[in-house]
Amino acid sequence: MTSSSVPSVVTQRRILAPGLVTLRFRNPNVAHNTIAGQFVNILPKAGFSDPMLRRPFSVYWTQGDEAEIIIQEHGRGTGILANTREGEILDVLGPLGRPWMFDSADYMTAVLLIGGVGVASMPLLTRKFELDEVPLHTFYGARTSSLIARDHLANVHIATDDGSEGFHGSNVMLLRSYLESGKLESPKIFACGPTGMMRAAQSLAAEFSIPCEVSLETEMACGIGICQGCPVRTEESVFAVTGRRYRLACTDGPSFKAEEIVL
Ligand SMILES: Cc1cc2nc3c(=O)[nH]c(=O)nc-3n(C[C@H](O)[C@H](O)[C@H](O)COP(=O)(O)OP(=O)(O)OC[C@H]3O[C@@H](n4cnc5c(N)ncnc54)[C@H](O)[C@@H]3O)c2cc1C
Ligand code: FES
């Protein structure tokens, strides 16, 4: 299915926490064709040229002809988007990128490792695993309890940096304790969050010899493989086989096998 940019009216805005907002918009193409892990590239205000470049967001949820994104305010683009009102129009390009590799035959238990707004690509993945009846554990790390976006997740184990809810510490430490106690049968990690968390997931997966995929939030511009603005460095072993030092986050990713890339 080719993607073209479509003016999409915002039908719902929800404030989850200060600086954390969801926007629901009408876009049948995105709503019906997105597969878990794909993203949309959005111009915050259709018809305006400031900001000039689109901003990428995972598709957080789909229902009927509508899709939803979750926005963590970061800079100018996310600031404008987070303050968009119902009835305003977004210019939405997508769905883009490769989905999560949930069809690989190398695991029996799905482990979703979420850091902060990395939650964005997990609800659709959760829906897929629930439909396929794949056992699922979600390890969700946040700075504090009020920043947790709880919708559409399942079997959630929470870890907070300030100890306000669940395990006091990182979600990777919590996952480690589950792996050490053998509670997870033949797991595969699907990780999205800050780079530090993903590096820790990479090492943990290598240590326990389990498959791991990481979804990157690399800065992007075009989102469709043209500008070469989203390089992801590959491991020497991958380079030796493919001859490709870099891959593109937007078209080769955003998710990659953890052992194949340098974070
Ligand atoms: C696949 C993917 C999914 C994502 N999903 C989500 C999500 O669901 N929710 C969420 O909150 N965040 C998500 N992010 C992160 C989000 O896209 C960024 O936080 C957002 O782009 C920041 O935009 P900003 O204008 O607020 O920040 P700023 O820091 O003001 O601007 C960053 C953007 O400005 C442009 N830019 C900045 N510097 C340069 C430069 N030197 N050269 C060229 N261009 C430049 C680029 O377009 C860059 O992406 C995702 C990122 C990716 C890649
Ligand atoms: S963002 Fe342009 S090539 Fe990836």
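Starting from residues that are within 23 Å of Ala201 (Cβ to Cβ) and of a type in the set (A, V, I, L, M), keep the ones in region 218-240 and report whichever is nearest to ligand 2 (Cβ to nearest atom).
My answer is Met220.
Going through Pro231, Pro254 one at a time, which residue ends up being within 20 Å of the chain's Cα centre (by Cα), under 30 Å from Asp91 (Cα atoms) and surrounded by fewer than 20 Cβ atoms within 10 Å (Cβ to Cβ)?
Only one candidate passes the filter, namely Pro231.
Looking at this structure, is Ile35 within 23 Å of His152 (Cα to Cα) and in a strand (DSSP E or B)?
Criteria not met by Ile35.
Quick test of your reading of the structure: Asp103 fulfils all but one of (1) out of contact with any strand residue (DSSP E or B) (no Cβ under 9 Å at 6 or more places or on another chain); (2) part of a helix (DSSP H, G or I). Name the failing condition by number.
Among (1) out of contact with any strand residue (DSSP E or B) (no Cβ under 9 Å at 6 or more places or on another chain); (2) part of a helix (DSSP H, G or I), Asp103 violates only (2).
Which residue out of Ala206, Ala200 is more than 14 Å from the chain's Cα centre (by Cα), buried (at least 18 other Cβ atoms within 10 Å of the Cβ), among the aliphatic types (A, V, I, L, M) and not assigned by TED's automatic domain parsing to the domain that holds Val40?
None of the others qualify; the one that does is Ala200.
Checking His32 against (1) away from ligand 2 (no atom under 16 Å from the Cβ); (2) surrounded by fewer than 18 Cβ atoms within 10 Å (Cβ to Cβ); (3) over 19 Å from the mean Cα position of the chain (by Cα): exactly one of these is not met. Which one?
So the condition that His32 fails would be (3).
Return the residues of region 50-71 that are more than 16 Å from ligand 2 (Cβ to nearest atom) and assigned to a strand (DSSP E or B); say none if nothing qualifies.
Trp61, Thr62, Gln63, Glu66, Ala67, Glu68, Ile69, Ile70, Ile71
Have a look at Pro56, Pro51 and point out the one that is within 8 Å of ligand 1 (Cβ to nearest atom) and over 20 Å from the mean Cα position of the chain (by Cα).
Pro51
Just need a number here: residues in region 170-187 that are surrounded by fewer than 22 Cβ atoms within 10 Å (Cβ to Cβ) and under 24 Å from Ile70 (Cβ atoms).
2
For Val40, state whether it is of a type in the set (Val, Ile, Thr) and within 16 Å of ligand 2 (Cβ to nearest atom).
yes
Say whether the condition of being assigned to a helix (DSSP H, G or I) and either of a type in the set (Asp, Glu) or without any contact (Cβ under 8 Å) to a residue 24 or more places away in the chain (or both) is met by at least one residue in region 125-132.
The answer is yes, given that some residue of region 125-132 is assigned to a helix (DSSP H, G or I) and either of a type in the set (Asp, Glu) or without any contact (Cβ under 8 Å) to a residue 24 or more places away in the chain (or both).
Where the second residue is more than 6 Å from ligand 2 (Cβ to nearest atom) and in a loop (DSSP other than H, G, I, E, B) and the first is in contact (Cβ under 8 Å) with a residue 40 or more places away in the chain and within 15 Å of Met52 (Cα to Cα) and lies in region 219-235, which pairs have Cβ atoms under 6 Å and are six or more apart or on separate chains?
Qualifying pairs under 6 Å: Ala221/Leu53.
Tally the residues that are within 14 Å of ligand 1 (Cβ to nearest atom) and either in a loop (DSSP other than H, G, I, E, B) or of a type in the set (Phe, Trp, Tyr) (or both), restricting the search to region 208-233.
15
For the structure I just gave you, tell me whether Gly182 is over 24 Å from Leu136 (Cβ atoms) and not in a helix (DSSP H, G or I).
No, not satisfied.
Which pairs have Cβ atoms under 9 Å, sit 6 or more apart or on different chains, and link a residue in region 73-96 that is in contact (Cβ under 8 Å) with a residue 24 or more places away in the chain and among the aliphatic types (A, V, I, L, M) to one that is in a strand (DSSP E or B) and surrounded by fewer than 16 Cβ atoms within 10 Å (Cβ to Cβ)?
From region 73-96, the pairs are Ala82/Ile15; Ile89/Pro7; Ile89/Val9; Leu90/Pro7; Leu90/Val9; Val92/Pro7.
The values are calculated or read from the model by the stated rules, or taken from the named source; none is laboratory data. Computed from a predicted structure; not experimentally measured. Glycine also receives a Cβ, built like all others from the backbone with ideal geometry; neighbour counts cover every protein chain displayed.
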